[in-house]
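A.B. asks: Just dropping this structure here.
Read the figures in this text as sums done on the coordinates, not as results from a lab. Everything quoted here is computed from the prediction, not taken from an experiment.
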Amino acid sequence: MQEQIEAMYEMGESCRGISKVLDMNRRCVSNRLKAAGITIRPLYKQRKPHRYFNGKKYRKRKADGYWYSTTVPETYLHVDMWEYSVGPVPDKWHVHHENHNKNLNMVCNLKAMPRDKHGKHHHYKTRGD
Ligand SMILES: [Zn+2]
């Protein structure tokens, strides 16, 4: 139990998050961490942003702004949401964010299009958003 708490905390999970997963008191989690000599992060650093969809956990990657699953094989949240609601994305097709906001992954903001058309839409500046 102690090892699991420490490992989860190292991974960026919050005391609150750990307490939910292990079904224990949040205070108990932070006390155990403190007892192990671990410094509790300030609240604003407690949780790395993450989202859940269809039982999978996703994190935002700072490098490109996309949300990726934390499990292997790594998948994009927007593609998973598209495939969940609409169906499989054809080979060499991309799922594009209509308003260019990679945080809005609802199907109403997404559009599947051929890779080359997607590239043109973005003027080949980026690999797409
Ligand atoms: Zn795009």
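A.B. asks: If one computes P(r) from the Cα atoms of the chain, what percent of pairs lie at distances over 27 Å?
C.D. replies: Taking all Cα-Cα pairs of the chain, the fraction more than 27 Å apart is 36 percent.
A.B. asks: Quote the Stokes-Einstein diffusion coefficient, in whole µm² s⁻¹, for region 42-83, based on the Kirkwood radius over alpha carbon pairs, a temperature of 4 °C and a viscosity of 1.567 mPa s. Spell out each step's value before the answer.
C.D. replies: Numbers: Rh = 10.9 Å.
The Stokes-Einstein estimate is 119 µm²/s.
A.B. asks: Given the pairs Lys20/Lys56; Lys92/Lys117; Lys57/Lys92; Lys48/Lys102, which are separated by over 22 angstrom at their Cα positions?
C.D. replies: Listed pairs above 22 Å: Lys57/Lys92.
A.B. asks: Helix-derived [θ] at 222 nm for the chain: sum -39500 (n - 2.57) over DSSP H runs of at least 4, divide by residue count, nearest 500?
C.D. replies: Numbers: 5 runs with 42 residues, N = 129.
Taken over the chain, the calculation gives -9000 deg cm²/dmol.
A.B. asks: Separate question: Can you work out ³J(HN,Hα) from phi for every residue in region 15-32, in order, using Karplus 6.51 cos²θ - 1.76 cosθ + 1.60 and θ = phi - 60°, giving whole Hz and x for Gly and Pro?
C.D. replies: 4, 5, x, 5, 4, 5, 5, 8, 6, 9, 6, 4, 4, 4, 5, 5, 5, 5
A.B. asks: Short version: ³J(HN,Hα) in whole Hz for each residue of region 72-79, in order, from phi by Karplus 6.51 cos²θ - 1.76 cosθ + 1.60 (θ = phi - 60°), x for Gly and Pro, what are they?
C.D. replies: With coefficients 6.51, -1.76 and 1.60, one gets 8, x, 5, 10, 7, 4, 5, 6 Hz.
A.B. asks: Taking 0.36 nm per residue of separation and subtracting the Cα-Cα distance, what length does fully extending Arg16 through His121 add?
C.D. replies: 33.5 nm
A.B. asks: Would you work out the relative contact order for region 80-126, in percent, from Cα pairs under 8 angstrom that are 6 or more residues apart? Present the calculation step by step, with values, prior to reporting the outcome.
C.D. replies: On the way: 43 pairs, mean separation 16.3, N = 47.
Over region 80-126, the number comes to 35 percent.
A.B. asks: While we're on this one: Would you mind calculating the relative contact order of the chain from Cα pairs under 8 angstrom and at least 6 residues apart, reporting the percent as a whole number? All intermediate terms of the calculation are to be shown ahead of the outcome.
C.D. replies: Values: 144 pairs, mean separation 16.5, N = 129.
Relative CO of the chain lands at 13 percent.
A.B. asks: Right, next: Enumerate the calculated ³J(HN,Hα) couplings along region 110-122 in order (Karplus 6.51 cos²θ - 1.76 cosθ + 1.60, θ = phi - 60°), each rounded to whole Hz, writing x wherever the residue is Gly or Pro.
C.D. replies: 10, 8, 7, 8, x, 3, 5, 5, 5, x, 4, 4, 9
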